[in-house]
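The values are calculated or read from the model by the stated rules, or taken from the named source; none is laboratory data. Being a predicted model, the structure only gives us computed values, none of them experimental. When we count neighbours, we look across all protein chains shown, and the Cβ atoms used for this are built from the backbone with ideal geometry, even at glycine. These area figures cover heavy atoms from the full protein model, side chains too; ligands, DNA and RNA do not enter into them. Shrake-Rupley method; radii C 1.70, N 1.55, O 1.52, S 1.80 Å.
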Amino acid sequence: VTVANDGTPPPPPPSPSGEKIAVFFWASDAGAQWVIDKYISILQAEGYTKFFDFCDTLDFEADFSTVDAYEDENDTIFFYLFGHGNYDGVDSYTLFRPDGSLVYSSQFRVMMDQLETTRKGFLIESCHSGGWPEDFQSPPYLAMSSSSTDLLAYAVGTLPNEGRFSYYFWQHVSDGYDAIDSFWYARSYVDGYPYTNQDPQIADYSTYVFFAD
């Protein structure tokens, strides 16, 4: 124990006062604002108080840097990404604007590693997105995708709309379940259907339980 010069111990350090942060990257030709607003409302009920809403981003890295500059080691952060994706045999990649730049799963891992907090996770709603969890096979991450590397992700209705996997995932979260339970719940609804099988993927290396409140 460190003791002050007068023989008395120093005051205890202040308790961490981290906040819960949610970050949305989404393409307006895939999703809709009402969908994002619904997810924000669900997360507000989970105690999230800071929201970043990046629609049709022209510079993913710059927008991510804004988040990086804001968060600290005491925070909890969850990303939701909704765009158009594919797989090149090494990485899954996703586009959040038709004339924007591709974001590769391995690139996203490098960026996520720069965040100070150890409570960080994400869900990506995109075709061929299984490579994103593949690149997060280590602590402290929770990484979830709506499809595997070789399958499509389907929407509830004609785009722009809501992803079918996301619909069931967020519905289950709003019913009081954590992210892992909600992943498997949503997976049961999108897996095994002829012609619309998605085979969602998960990499769960987090000691923190998202949406457990």
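Observations, loosely collected:
- Residue match in segment 97-116 (condition: basic (Lys, Arg), under 25 Å from Asp59 (Cβ atoms), open to solvent by 20 Å² or more (accessible area, probe 1.4 Å) and outside any strand (DSSP E or B)): yes
- Residues that are under 16 Å from the mean Cα position of the chain (by Cα), closer than 18 Å to Gly131 by Cα and assigned to a loop (DSSP other than H, G, I, E, B) are absent from segment 46-64 altogether.
- Criterion: under 20 Å from Tyr48 (Cβ atoms) and surrounded by fewer than 24 Cβ atoms within 10 Å (Cβ to Cβ) - qualifying residue of Glu125, Glu162, Glu134: Glu162
- Taking segment 182-213 as the range and being in contact with a Gly (Cβ under 9 Å, 6 or more places away or on another chain) and either without any contact (Cβ under 8 Å) to a residue 40 or more places away in the chain or of a type in the set (Gly, Ala, Ser) (or both) as the test, only Ser206 passes.
- Check on Gly89, assigned to a loop (DSSP other than H, G, I, E, B), surrounded by 14 or more Cβ atoms within 10 Å (Cβ to Cβ) and not aliphatic (A, V, I, L, M): no
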